[in-house]
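Structure first, commentary second.
The values are calculated or read from the model by the stated rules, or taken from the named source; none is laboratory data. Since we're looking at a predicted model, the values are computed, not measured. Note that each Cβ is placed from the backbone with ideal geometry, even for glycine, and that neighbours are counted across all protein chains shown. Just so you know, the surface numbers come from the protein's heavy atoms only, side chains and all, with ligands and any DNA or RNA stripped out. Shrake-Rupley method; radii C 1.70, N 1.55, O 1.52, S 1.80 Å.
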There are 2 protein chains.
Amino acid sequence: MAHERIRPWIHRTPVLTSLYFNTRFHAEIYFKAEHLQKTGAFKARGAMNAVMGLAAEAAKRGVVTHSSGNHAQALAWASRIHGVPCTVVMPSNAPDAKRAAVRDYGADIVTCEPTLTSREETVAEIVRQTGKHLIPPYNDERVIAGQGTAALELFEDVADLDVMLAPVGGGGLMSGTAVVARAIGGSAINVVGAEPELAAEARESLRTGIIQPPMPPVTIADGLRTSLGDKTFAHLQQHNVTIITAREESIREALILVYERLKCVVEPSATVTLGALLEQPDLIRGKRVGVILCGGNVDVRQMMK
Amino acid sequence: MAHERIRPWIHRTPVLTSLYFNTRFHAEIYFKAEHLQKTGAFKARGAMNAVMGLAAEAAKRGVVTHSSGNHAQALAWASRIHGVPCTVVMPSNAPDAKRAAVRDYGADIVTCEPTLTSREETVAEIVRQTGKHLIPPYNDERVIAGQGTAALELFEDVADLDVMLAPVGGGGLMSGTAVVARAIGGSAINVVGAEPELAAEARESLRTGIIQPPMPPVTIADGLRTSLGDKTFAHLQQHNVTIITAREESIREALILVYERLKCVVEPSATVTLGALLEQPDLIRGKRVGVILCGGNVDVRQMMK
């Protein structure tokens, strides 16, 4: 249903294959190219689904979120298309480029202190004063359903996948992917989430049964520095998601390989999956494997300096 | 005919479009993604066509070329597929990565001094001693015919192009593109070659009617530092190719834009076309435009340092 709803607005992104990777891993790997999605990341799917699910009255009052990343751009983009007023709360230390991208989509920006407390208080204040509707970046069933449409398309394009991999940050993409993978592949498919060794909150949350707070924000996979929410945690538990991790040097090596071999510009968060596979290639040997390349929003100017 | 011959071995590369570029230029721009070609560049087309055109006896003796760039890899690749012995003469200062790439395709490498004279003498010596067949990087009708198949596919995929752009180095790609564009589009189509302002040998050669020697090798578009050969010069004259140039900062800005907006990893030589258009956007305003993105072989490790 999410897919029917958002399909007219999103790209059906291509599925990429590479002789190099298939040979190296002795596997058939299918990369879902969400870095070519609208706004440069899968986040367009969840944001669009959430905005289109608003009742008329709520749509009129508008939406608000706090994010300095891809979700902010995605929500601003989806809101503009449907004429919904959008406010984004961004920390005062957010990069100018991200600020500009959100503003270019016509959203209002409210600046807050660079702390989680300040962000949440600022959003709560906006909700109280304006009646705007909060659309969180991941801990939201509408957002999760939207993110799951990437995996849905991949299953439509490639039959009989044995393994499905996605990165795990807040868990929105992973939750949506797991729901779809279990619905289509049942218990036979290995549903795997990858996260940086330096931001292994999901692994620790599943191991302890308690949602773990964010680890210090040091990994280069900056989109994955968040911890799970209660809804995404429940999905990961319920759908039996296995978590694997990647060291920083593996994420970086995988990033270089994707640039060199797939000739794709992706962000480090998108290569945590492949990075983890470099460390444990046996996981996919002889298998048909789906990998969601989640986004391509890197600071190219900085990278090429 | 070249296309029929090489089609089973090459990729039919996709044609990419971008709302960003179309809006910015008020044009419809179709990018032919030759960075996704086998060996990472259009050079695979010409090399394959030349190798497949060899008589049985010549194929048995093998081929030789001098190149430190994409042609060397392409010839090594094409030769391996058809079981043709291949020798590549490379200067002693060629980067290890390029050396390794050629060796990985199974070619023999002969090292020479890093001068044009030494290269040519070394090749001549090999031809004399072994009877190997020289396949030059661009000044060769078989190579030119192969390179033209990129434009041919673009015309098949996109009807009614008003302008066709390709970069000009030695002129192999430009010659093949011009032959095809005139055969299909007649005199109505504007056939445009782009080169760096710092390596404008083709412009000066056409202006003076005499092939100009290479300018100092300083442009970041390192694939375009060569001058025309007699055959490519004749094609450019005969097919009425207009030359436009790009300043270094325009090539660089175009490179960043292709990474940011198309999310494609291309080499600087591939964005000289777009760089020149940034300087003279009126050339394509309101037009349907084909642009050949020639290759994607950049040193990613170096870039990400």
Legend entry - Residue check for B:E195: under 18 Å from B:Q280 (Cα atoms), of a type in the set (D, E, K, R) and buried (at least 24 other Cβ atoms within 10 Å of the Cβ): yes
Inset, instruction - Please specify each residue of segment B:48-86 satisfying the condition of being surrounded by fewer than 24 Cβ atoms within 10 Å (Cβ to Cβ), touching a Gly at 6+ places or on another chain (Cβ under 7 Å) and not in a loop (DSSP other than H, G, I, E, B). - result: B:R61, B:R80
Legend entry - Test result for B:T13, open to solvent by 10 Å² or more (accessible area, probe 1.4 Å) and among the polar types (S, T, N, Q): no
Inset, instruction - Go through B:R45, B:R5 for me and flag whichever is touching a residue at least 40 places away in the same chain (Cβ under 8 Å), open to solvent by 10 Å² or more (accessible area, probe 1.4 Å) and more than 12 Å from chain A (Cβ to nearest Cβ). - result: B:R5
Legend entry - Scope segment B:89-114; condition surrounded by fewer than 19 Cβ atoms within 10 Å (Cβ to Cβ), among the small types (G, A, S) and either assigned to a loop (DSSP other than H, G, I, E, B) or at pLDDT 95 or above (or both); matching residues: B:S92, B:G106
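Here's the yes/no breakdown for (1) in contact with an Asp or Glu (Cβ under 9 Å, 6 or more places away or on another chain); (2) within 21 Å of B:A59 (Cβ to Cβ); (3) β-branched (V, I, T):
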site: B:M90; (1), (2), (3): no, no, no
site: B:P95; (1), (2), (3): yes, no, no
site: B:T117; (1), (2), (3): no, no, yes
site: B:R128; (1), (2), (3): no, yes, no
site: B:H133; (1), (2), (3): no, yes, no
Inset, instruction - Residues being part of a helix (DSSP H, G or I), buried (at least 18 other Cβ atoms within 10 Å of the Cβ) and at pLDDT below 95: count how many of those fall in segment A:262-305. - result: 1
Inset, instruction - Report yes if some residue within segment B:115-128 is out of contact with any strand residue (DSSP E or B) (no Cβ under 9 Å at 6 or more places or on another chain), at negative phi, open to solvent by 30 Å² or more (accessible area, probe 1.4 Å) and basic (K, R); otherwise report no. - result: yes
Legend entry - Qualifying residue in segment A:232-252 (condition: under 29 Å from B:T39 (Cβ atoms) and open to solvent by 50 Å² or more (accessible area, probe 1.4 Å)): yes
Inset, instruction - Say whether the condition of being within 14 Å of another protein chain (Cβ to nearest Cβ) and assigned to a helix (DSSP H, G or I) is met by at least one residue in segment B:223-244. - result: no
Legend entry - Filter pass, B:L206 being over 17 Å from the mean Cα position of the chain (by Cα), in a helix (DSSP H, G or I), free of Cβ contacts under 8 Å to residues at least 60 places away in the same chain and closer than 16 Å to B:H235 by Cβ: yes
Legend entry - Any hit, segment A:221-228, residues being in contact with a Phe, Trp or Tyr (Cβ under 8 Å, 6 or more places away or on another chain) and in contact (Cβ under 8 Å) with a residue 60 or more places away in the chain: yes
Legend entry - Per-region count, segment B:242-300, residues under 15 Å from B:A166 (Cα atoms) and polar (S, T, N, Q): 5
Inset, instruction - Run down A:E141, A:E153 and say which single residue is in contact with a helix residue (DSSP H, G or I) (Cβ under 9 Å, 6 or more places away or on another chain), open to solvent by less than 10 Å² (accessible area, probe 1.4 Å) and acidic (D, E). - result: A:E153
Inset, instruction - Please tell me if A:G223 is assigned by TED's automatic domain parsing to the domain that holds A:P167 and buried (at least 18 other Cβ atoms within 10 Å of the Cβ). - result: yes
Inset, instruction - Inspect segment B:265-273 for any residue being more than 9 Å from every other protein chain (Cβ to nearest Cβ) and touching a Cys at 6+ places or on another chain (Cβ under 7 Å) and give the result as yes or no. - result: yes
